[in-house]
Amino acid sequence: MPEEGKPKPGGETTRREAFVKLGVGAACAACAGAAVFGFEFLSPNVLYEPSAVANAGKPDRYPVGSVTQDLKAGIYVIHGPEGFYSLSAVCTHLGCLTVWNADLGIVACPCHGSKFNEHGEKIDGPAPRGLPWLRVWLSDEGDLLVDRSTTVPAKQYLRT
Amino acid sequence: MAKTLEGYISELQGTRVWRSVFRGGAGANNLRRSLAVQQNVFLHLASVKISRRSLSFRATWFLGTLSLGTFLILAITGILLMLYYHPSVPQAYADMKDLQFVVSAGVFLRNLHRWSAHAMVFLVFAHMFKVFYRGAYRSPREFNWVIGVVLLILTLLLSYTGYLLPWDQLAFWAITVGANLMSSVPVLGQKFRFLMLGGNTVNANALLRFYVLHCVILPLTAAVFLAIHFWRIRKDGGLYTGQGDSK
Amino acid sequence: MTDEKKFVTGLDSDSRRTPLRLAFVTRRTSPQVKVTDDPVVMTYPEGILRAVVAVQSLAIALVVISLIWDAPLEELADPMHTPNPAKAPWYFLGLQELLHYFPPVVAGVIIPGLVVAALIVIPYFNINIEAEGIWLKNRQRRLRIFGAVVVIFSAVMLLFQVYAVLMPTLTIAAFMLAAARSAPDSPVRFRRWLVSKPVAYWVMTWFLVQASVLTIIGTFFRGPGWSWIWPWRS
Amino acid sequence: MLRRIGAFLFGDSARAFGTLAAVLLVCLAITPAKDHFREWHRYQKKYLGLIRTRGDAATLQRRFQDGLQQTWIPELGVVDRCTTCHVAMKEISLQDVATQPFRPHPSIPHTLTEFGCAMCHRGQGAATGVQEAHSSTLAWEQPVLAARYVESGCGQCHSNALTGTPQLNLGRKMLARYGCVSCHAIREPGQGRMQSTNPAPPLTRISAKTSREWIFAWLKDPQAYAQTATMPNFQLSDDDARDISAFLMNQSAAPPAAASPAPAAAADPQAGASVYGESFCASCHATVNAAGLVVGGNIGPELTRIGSKVKPDWLMEWLSSPKKYDPHTLMPRYRFEQKQLDLLAGFLQAKTDSDLLAKVQLQPASAGQIAHGKILVKERGCASCHEINGVAKPESFAPDLTMIGSQSLAKIVFAEGVAHTLPDYLQAKIRNPHSFGKATKMPQYTFPASQVDALVTALLAQTERAQALPASLRVAGKRESDYHPAGKAGQLIADMNCFSCHAINGRGGDMAPELTWEGSSVQRKWLVSFLKNPNTLRPALIRRMPRFNVTNAEAETLADYIMTVYQTPSFDGGELDAAKFGPDEVEHGRQLFYSKYACQSCHIVDSKSDKGYIGPTLTHVGARLSAEWIVQWLKNPQSLRPGTIEPNRNMSDEDARALTAYLMKQNREVAGK
């Protein structure tokens, strides 16, 4: 090839252009790589967030017929006559934290007036669905654990 | 394949949208090339043509260009590092550890930022001496020299304020010593120090102040002075080439 | 490609080929046009490309350094415990070395303040603008002033026992004296070079050497308690 | 060639641009690659390879979580990522795996996510590399703790003695016993300063007790006098020991006129030994026996060479009334008869060692020597432990050790040849304080390696973190209460130093049974006779209650007090009348005793056939204990005496009643006495 010998007329410029293209190509590749890298970099590898599994303590803390709100975990722990279950306390409408109104026996959302009963079913308001039921089980130490990231069909009770 | 790719590119460059964005764009003739400089917001501070002599390595050793290069690297890495940094005590230090241990390429970015900062200080000093020994500070470039001195001081301040941010022993005591130096200024020294640290000791307030200085105030100031610096190069007749200035 | 043949652009910075009206010359004045026959090139791509190449080289160097060496990180800041030695960043170590000798007001405020002031006023003083060798004019008078300055300065440094400043100063002074004893037409090239240097050159060189020596001492030759150590011994 | 390649690649700016762009791209690409090949990736891959071949591979694989793992406990400031590499912490099925980091954690009373890892093991929990996590680096000073000190982790929350941490418990006991806490302050969160459990004797009247020669010999080497001496060796020069002894004799108040008669000139060694034995002196005091073994308790000083130490007058006075010399002594007043006193004093006085003082030749002290001695006493901190006339107890004589366990290495001056870790520093400091310079004030102890380890463990538990722990996590240790029984009985209890052995209401020793609820437990008649003439209850034990020669009146007073005051609130005594048990019940109880509950494996009822030596003998239990107590005891022993080894058999009321009926019958012989 002409690298060694005398270059053809115009060979120098074509090779020069080839190098510029190589450079621009490498720059494009670097940009593409930077985009991938940026995605990697921007997605944190560890999170400083409470774990999805909340520990609600020993079951005997909750008398039968009680609705207890765990503000930190954003859940209700309810000990109904059929057993334990847990509802998400986050309104299905726009994510406000609901409160339990013991006098009326309903869960009410302060933002847009959605109301739910103690089984999470929607009674009133703009919420599209009722409050989801969360998975509840007993740990080896006998503590009630609630997985906030896993919903279960309604009316699944934990009997202790 | 390459042909067709090029065809696509030139077709793309011919579209109205492209031309509305890039106007003339780059091209093979001198008009297009001139327009490329004139019509680019970043390049328009430079003249369309420059003396061949000023491009030689001997003329500048590219020290000014390299200083700008480090500034750009520092800006990019710095912005990325800010995403994983909380300017609070002692979380700042934990963030350094997280950068090192869990953030993808976090330690690389931190290294790059740190070493570039050192390189920038060195390059800016070298730039200054090079300019001096070539006599490039002489009329009509006196004011650009002064701007250069301001940029040197800004560089040192940027480096100094950045020093505190990791909140390790090195940072803490370097800043403590520096702050006490400041307080030895007659009359106003104590007040200066109080304002700089936002209190009497190097603690959370000082960290936050240094953070704001390092990430907002000083870089913006430096960017403004950089723009003036480059603009003055052109206004003062281009890079000094050692000719035509002597009496 | 075909555009070029059809018309000529109005943009050309070669003033001899296409003169432009730059200024009106009124009566009793004479325009002075400096003619430079410096060859010029297009900024784009020639200038830009070179700048990019320079920055690329720098980036490669920094990336490689960053891949190999980790930035220092010491323990969590502890206000109850000062590490020994507590060193400032390297570019302040010259100052810190001075602080070792002089009171804070002198080393931390006056000297840096003077340096910054001196740097700013450099282009505005004729002494800095003149490009003639220092000894070519008023040799005797200048020698007397030079001698007085060096002796007084050295005496002050001796008083404070600042050998780190004294030694470089005397070295530069020796070179200046050598320059003073050289003729502009000396057969030795080095002497011709020495004698051609103006006063600003000498002052700046003294500053550069001084700053470098102090920084190197502060970086490598200072150990716990800011005591003198030999870096190769530890 | 090289030049040609150079020209080809960098010949003009376009070529250089292209080439450098490619190089830069490659360099930048190394960064994510470097990230990808981090150590923890490798270990996780290795783990997956390890479990692939195992039987429960599917389960293990399902439970394995890849990527960085983190235990985050904001309240404790814990960010531990150890489980990123130590992936099998909870996989009990991998117990046979010996290679780290895949070994499962031994079972502990806490879950792994409760405290994280670094709280006990130290090291840098946040690190994800082997080197940074385990070893000491500039940025992290506490490397992973050697396994032999790991009990120190428990000690951060638990100030009490745990059954699982013998080494830590021993270390803490030693800190209190060997005078460490007299010079060094060690504060426990919420409890104040740790107190010495072995107060040194006052020296204010030392001249009455012993000779200057003995003091000199003792100062030079305490262990030469008694190998169990708790006083460390201060490595004094002859001159210093001479001057200190001069000062100590000089500061001592004049001995009170000898009130007691001179001891018997020639004592009968046989009879003296039997008084020594009958009084159970060995429960507290040790001696070296013929075989060279130290035998006896460690509450009082060793008596092997006591004759070379004490003056006869002093000994007589001491034996008849110890509190006269030292009001804080633990020694009880025995109320010996004069004959016993003579015998015992003679016996003890005969325990001499001629070598001990043979070489000690002291000239009368000059004023200069005495003054120098006082300076030395101040310098050496003698008054930190001993009461000395004219020298006040120094405040913070030695460094505070409350947070020594998290001491920053930067603040430590290491001696030559000591590895730069905290445990190594503590080891060196305890083993050989003088390696840190001749000026160090710390004396030389002679502990075996295991005891040094225990001390280091106890000190390592004294961390900054332990001080800052939320109160809910702290388990306080048992602190001695300052219970003082009142009245005449109180005086008797103080006089006989009952608290040296028995604990009542949270105060006192653990050598003998706790007496807090003794009144509910025993019958008054038995108690009176026991106080007057104690007999042993437990055949397997050597230590027994000494005879204090109490008078009838004193015994009655004490018994009345115990019966009325030391009553348990958990049941009302005296409801059950032993006489109302029918013979059927007794017989039923007997069967339960021998068959259902097999009590005879630990207890003796029939001294001919039963072989149980672990529990108290029950031959006379019917005369000793109240029926109600036995019932309650059988039903739930731990509720009456926490920590007793008597098993809780969940007995029904009927069984407990029947057994009680049987046991209450075991009283005939005593009743007849």
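Read-outs throughout are calculated quantities, based only on the coordinates presented, and are distinct from any laboratory measurement. What you see is a predicted model, and the numbers here were worked out from it, not measured in a lab. Methodologically, a virtual Cβ is constructed for each residue, glycine included, from the backbone with ideal geometry; neighbour enumeration extends over all protein chains shown.
Quote the charge dipole size of the range D:125-210 about the Cα centre in Debye, to the nearest 20; the model charges only the Cβ of Lys and Arg (+1) and of Asp and Glu (-1). Write out the running numbers ahead of the final one.
Details: 8 positive and 4 negative charges, 139 e Å.
Dipole size: approximately 660 debye.
Would you mind classifying the range D:3-96 by shape? Square roots of the alpha carbon gyration tensor eigenvalues, ordered a ≥ b ≥ c; an a/c under 1.5 is rounded, otherwise it is prolate if a/b is larger than b/c and oblate if not.
Details: a/c = 5.58, a/b = 2.48, b/c = 2.25.
The shape class here is prolate.
Lys and Arg at +1, Asp and Glu at -1: add these up for the other residues within a Cβ distance under 15 Å of C:R192 and post the number. Show your work: numbers first, answer last.
Working: positive: C:R181, C:R189, C:R191, C:K197; negative: C:E132, C:D185.
Net charge around C:R192: +2.
Among the chymotrypsin sites (Phe, Trp or Tyr not before Pro) within the range D:1-70, which fall in a DSSP loop and have no more than 15 other Cβ atoms within 10 Å of their own Cβ?
Filter output for the range D:1-70: D:F37, D:F64.
Starting with the highest mean, order D:211-218, B:129-136, D:232-239 by the number of other Cβ atoms within 10 Å, averaged over the residues of each peptide.
Output ranking for D:211-218, B:129-136, D:232-239: D:211-218, B:129-136, D:232-239.
Given H placed 1.01 Å from N in the peptide plane, which residues other than close sequence neighbours of D:D353 have an amide H under 5 Å from its amide H?
Distant-sequence amide H within range of D:D353: D:S308.
Need one value for B:150-156: mean number of C-beta atoms belonging to other chains within 10 Å of its residues' C-beta atoms.
2
Among the aspartates and glutamates, which fall within straight-line cross-link reach of B:K130, defined as a Cα-Cα distance under 20 Å, with same-chain neighbours fewer than 8 residues apart omitted?
B:E142, B:D236, B:D245, C:E130, C:E132
Considering only lysines 8 or more places apart in sequence, or on different chains, count the pairs in the range D:206-375 whose C-alpha atoms sit under 23 Å apart.
29
Please work out the C-alpha center-to-center distance from the range D:430-479 to the range A:87-160 and express it in whole Å.
Cα centroid of the range D:430-479 versus Cα centroid of the range A:87-160: 52 Å apart.
To the nearest whole number, what is the average tally of beta carbon atoms from other chains within 10 Å of the beta carbons of peptide A:28-37?
3
Sorted by packing (mean other beta-carbon atoms within 10 Å per residue), highest first, where do D:514-527, C:181-194, A:87-100 land?
D:514-527, A:87-100, C:181-194
Considering Cα pairs under 8 angstrom that are at least six residues apart, work out the relative contact order of chain B and quote it in whole percent. Numbers along the way, then the final one.
Numbers: 216 pairs, mean separation 51.4, N = 247.
Over chain B, the number comes to 21 percent.
Near D:K45, which lysines are there with a Cα under 27 Å away, not counting those fewer than 8 places off in the same chain?
Partners within reach: B:K97, D:K34, D:K90.
Please list, in order along the range B:40-54, the HN-Hα scalar couplings obtained from phi with the Karplus expression 6.51 cos²θ - 1.76 cosθ + 1.60 (θ = phi - 60°), rounded to whole Hz, x for Gly and Pro.
Working through the residues one at a time gives 9, 4, 7, 8, 5, 5, 8, 7, 5, 10, 10, 5, 4, 4, 5 Hz.
Once amide H atoms are built 1.01 Å from N in the peptide plane, which residues 5 or more positions from A:R148, or in another chain, come under 5 Å H to H?
Hits under the 5 Å cutoff: A:V53, A:A54.
With a ≥ b ≥ c taken as the square roots of the eigenvalues of the C-alpha gyration tensor of the range D:487-565, please select rounded if a/c is under 1.5 and otherwise prolate if a/b is larger than b/c or oblate if it is not?
In terms of gyration-tensor shape, rounded.
Could you go through the range B:119-124 in sequence order and give the Karplus-derived ³J(HN,Hα) for each residue, using 6.51 cos²θ - 1.76 cosθ + 1.60 with θ = phi - 60°, rounded to whole Hz, and x for Gly and Pro?
With the stated coefficients, the range B:119-124 comes to 4, 5, 4, 4, 5, 5 Hz.
Report the charge-dipole magnitude of chain B in Debye, nearest 20, computed about the Cα centre from +1 at each Lys and Arg Cβ and -1 at each Asp and Glu Cβ.
Working: 24 positive and 8 negative charges, 223 e Å.
That gives a dipole near 1080 debye.
Averaged across the residues of C:108-119, what count of C-beta atoms belonging to other chains lies within 10 Å of each residue's C-beta? Spell out each step's value before the answer.
Working: counts 9, 7, 3, 0, 3, 1, 0, 1, 4, 1, 1, 9.
Mean partner shielding for this stretch: 3.
For D:K611, give me every one of the lysines with a C-alpha distance below 27 angstrom, ignoring sequence neighbours fewer than eight places off in its own chain.
Answer for D:K611, where 27 Å is the Cα cut-off: D:K596, D:K635, D:K665, D:K673, listed by chain and number.
Using Cα pairs under 8 angstrom and six or more residues apart, how large is the relative contact order of chain D, in percent?
Result for chain D is 11 percent.
Between the alpha-carbon centers of the range B:56-92 and the range D:262-340, tell me the distance in whole angstrom.
83 Å
Based on the mean of other Cβ atoms within 10 Å per residue, sort peptides D:116-125, D:351-360, C:115-124, D:162-171 so the most packed one is first.
Ranking, from highest mean packing down: D:116-125, D:162-171, C:115-124, D:351-360.
Explain nothing, just the number: relative contact order of chain A, from Cα pairs under 8 Å at least 6 residues apart, as a whole percent.
Details: 245 pairs, mean separation 29.9, N = 160.
Dividing the mean separation by the residue count of chain A yields 19 percent.
Once amide H atoms are placed 1.01 Å from N in the peptide plane, what residues at a sequence separation of 5 or more from D:L625, or on another chain, have their amide H within under 5 Å of its amide H?
It is D:Q523, by chain and number.
Quick one: check the C-alpha center-to-center distance for the range D:26-70 versus the range B:107-178, whole angstrom.
So the separation of the two Cα centres works out to 43 Å.
Rounded, prolate or oblate: which fits chain B, taking a ≥ b ≥ c as square roots of the Cα gyration tensor eigenvalues, rounded meaning a/c under 1.5, else prolate when a/b beats b/c?
oblate
What does the charge dipole of the range A:53-152 about its Cα centre add up to, to the nearest 20 debye, if the Cβ of each Lys and Arg holds +1 and the Cβ of each Asp and Glu holds -1?
With only Lys, Arg, Asp and Glu charged at Cβ, the dipole is about 300 debye.
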